[in-house]
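A quick write-up on the structure given underneath.
The values are calculated or read from the model by the stated rules, or taken from the named source; none is laboratory data. Quantities reported herein were computed from a predicted structural model and do not represent experimental measurements. Reconstructed Cβ throughout: ideal geometry from the backbone, glycine too, with neighbour counts over all protein chains shown. Quick note on the areas: whole protein, heavy atoms, side chains included, nothing else; ligands and nucleic acids left out. Shrake-Rupley method; radii C 1.70, N 1.55, O 1.52, S 1.80 Å.
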Amino acid sequence: MNSLDTPQPEKLSPALCIILALLFLSIFISYIDRGALSIAAPTLEHEFSIAPARLGLLLSAFFWTYTPFLLLSGWLADRFHAGYVLAIGFAVWSASTFFTGFSRGFAALLLCRLFLGAGESAAYPSFANIVVRDFPARHRGFVNACINVGVCAGPAFGLLLGGSLMDRYGWRPYFLVLGAAGFLWIPFWLARMPRSPRLSVSAATNKIEPAPSVLDILATRSAWGTFLGHFGGNYFLYFLLTWLPYYLVHERQFSLAHMGKIGALAYLLMATVAIATGYASDRLIESGRSVTAVRKSMIAFGQAFGGLAIAACAVADTNLAIILLLLAAAAYGFNISNVWVIPQILAGPRATGRWTGLQNFIGNFAGISAPVITGFLVQHTGKFLSAFLLAGFMSILGAASWLFLLGPIEPVSWRRPSDFPLQNPPHQMRG
C-alpha cells in the first residue's frame, strides 16, 4: 500500500508536516555544509597558497565520493528503511564538516571533502523514497518544492551569515560550529520519521513484488531524459555553488559581506519561485491540465531561460550582470519544484530510490566537472567569460533533454530487463 492507493486528503496531516519540515532541514543543512568551503575559498587560497585550478579540484572532490555512493544509497533506501539510511548519512556528513575546522593543509581538506560527499549521498534517495511512500500524490509538487528549497535556502543562509562570520571570526570556528550543530537534527528525526512498511505487496497475488533492477531503469528512454536534463541543470547550479563567491570577490571586486548579500538574494529568489511553481503545478494538474505538459514545460523553461541569463552575465557590466544573475537564479526555481517529482511519478514506490540514485549519479558528474573546468578556464584565461558561456550552454542542453528526450510523465510498467529495448515502455510510445 502506498499513497497512490489511498484517498488523497485535502491537507497534509500534522505528522506529515513535521516530517516535511525535518526533510527540508536535512537538505538545508546539507547545502550549507557542502557550500561552506566555497565561501572560505578566497581565504583558503591565500592561507594555503592554493592556485585556482587546484582549488577547483578541492571543490569538486565532494562529488568524487558523492556521485558513486549515490548508487549504493539508492539501493539501501529501497532495500532498508530510508529513515535510518538518512540518519546515518547525516551523522557522517556532520562529522566531516566538524573535522574540516581542524584541517591544516590541502590533503586534510581533501579528505574531509571526500567523507562529506559519501555522507550526503544518502539524502536524495532517502527523501525520494519517503515522499513516494508516505506523502499524498496530489501534494507532490509542493512537497518536493518545500524540501528542495533547502538547495537554495542553505547556500543563501551560508552566504549571508557565513561570509560575515568568517570575516569576523575566521573560517575554522565556522566549520566547527556548523558541524556540531548538525548533530542536533538526528534525535528529532529518529523520533518523528515515518514508520510505513518498506515492501510493496501485489494486490492480485498478495506476494511481495520484486523491485525493478538498475537495468530496467537504464533501458527506459525517459530515464535518460531525466538523467541528462538533471546533468544540465546541475552544471548550472554547481557552477554557482562552487564559484559564485570567488567570482563576485575577484572579478566584480565585492567584499565578503557584500558578496554574501548578493548570493543570499539570488538563492532567496530561487526558493521563492520554487515554492510558488510547486504549488502552482499541483493546482494546474488538479484542475485537469496534463501532468506531462505542466511539469515538462516548467522545468524546460526554467533551465533554458536560466541558461540564457547566466551566459549573458559574461558580457554585461557589473550592475547588469548582477540583475541577470538574479534572474537566472529565479529561473532555476522552476527546476527545483519538478526535478524530483518527475522521477517519483515514473519510478513508483518500488524503484524511486534506485531511479533517484541513478539520476543523481549521472547528474552529479556535473558537480565533478563544473568546478574543475571552471578553475582551469579561469586560471588559463584570467576571466570568467568562457566559464559563464559554458554553464549557460549546458543548462540549455538540459532543457532540451527534459523537453524532447523525456516521454509522457506517467508510471512505468516495469518488466524484466530482457523485455526492454532501449526505448520508451509501451505506455510511452504515444506521441
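Closer than 28 Å to residue 370 by Cβ, free of Cβ contacts under 8 Å to residues at least 24 places away in the same chain and either in contact with a Ser or Thr (Cβ under 8 Å, 6 or more places away or on another chain) or surrounded by fewer than 16 Cβ atoms within 10 Å (Cβ to Cβ) (or both): is that true of residue 51 in this structure? Spelling it out, it is not the case that residue 51 is closer than 28 Å to residue 370 by Cβ, free of Cβ contacts under 8 Å to residues at least 24 places away in the same chain and either in contact with a Ser or Thr (Cβ under 8 Å, 6 or more places away or on another chain) or surrounded by fewer than 16 Cβ atoms within 10 Å (Cβ to Cβ) (or both).
So that you can scan it fast, the table gives a plain yes or no per residue for (1) over 30 Å from residue 215 (Cα atoms); (2) open to solvent by 20 Å² or more (accessible area, probe 1.4 Å):
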position	(1), (2)
321	yes, no
359	no, no
373	yes, yes
377	yes, yes
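Within region 369-391, can one find any residue that is among the aromatic types (Phe, Trp, Tyr), part of a helix (DSSP H, G or I) and farther than 22 Å from residue 63 by Cβ? No - not one qualifying residue is present in region 369-391. With respect to residue 38, determine if the residue is among the polar types (S, T, N, Q) and either crowded, with 17+ Cβ neighbours inside 10 Å or modelled with pLDDT of 85 or more (or both). Yes. For residue 105, the conditions (1) surrounded by 16 or more Cβ atoms within 10 Å (Cβ to Cβ); (2) in contact (Cβ under 8 Å) with a residue 24 or more places away in the chain are fulfilled apart from (1).
Residues of region 358-377 include none that is among the hydroxyl-bearing types (Ser, Thr, Tyr) and modelled with pLDDT under 85. The number of residues in region 250-286 that are open to solvent by 30 Å² or more (accessible area, probe 1.4 Å) and either of a type outside the set (D, E, K, R) or under 17 Å from the mean Cα position of the chain (by Cα) (or both) comes to 18. Flag: residue 237 does not match the condition of being at pLDDT below 85, within 14 Å of the chain's Cα centre (by Cα) and assigned to a helix (DSSP H, G or I). Scanning region 9-21 for residues that are surrounded by 19 or more Cβ atoms within 10 Å (Cβ to Cβ), within 18 Å of residue 86 (Cα to Cα) and at pLDDT 80 or above turns up at least one hit.
Just so you know, in region 132-180 the residues that are among the aliphatic types (A, V, I, L, M) and free of Cβ contacts under 8 Å to residues at least 24 places away in the same chain include one that is surrounded by the most Cβ atoms within 10 Å (Cβ to Cβ), and it is 165. Scanning region 118-131 for residues that are in contact (Cβ under 8 Å) with a residue 60 or more places away in the chain and either in contact with a strand residue (DSSP E or B) (Cβ under 6 Å, 6 or more places away or on another chain) or among the hydrophobic types (A, V, I, L, M, F, W, C) (or both) yields 123, 127, 128, 130, 131. Only one residue in 54, 104, 79 is over 28 Å from residue 166 (Cβ atoms), at pLDDT below 90 and of a type in the set (Lys, Arg). Which one? After applying the criteria, what remains is 79. Just so you know, in region 67-85 the residues that are open to solvent by 10 Å² or more (accessible area, probe 1.4 Å) and farther than 12 Å from residue 353 by Cα include one that is farthest from the chain's Cα centre (by Cα), and it is 84.
Just to be sure before I move on: is residue 308 modelled with pLDDT of 90 or more and open to solvent by 40 Å² or more (accessible area, probe 1.4 Å) in the structure I sent? In short, yes.
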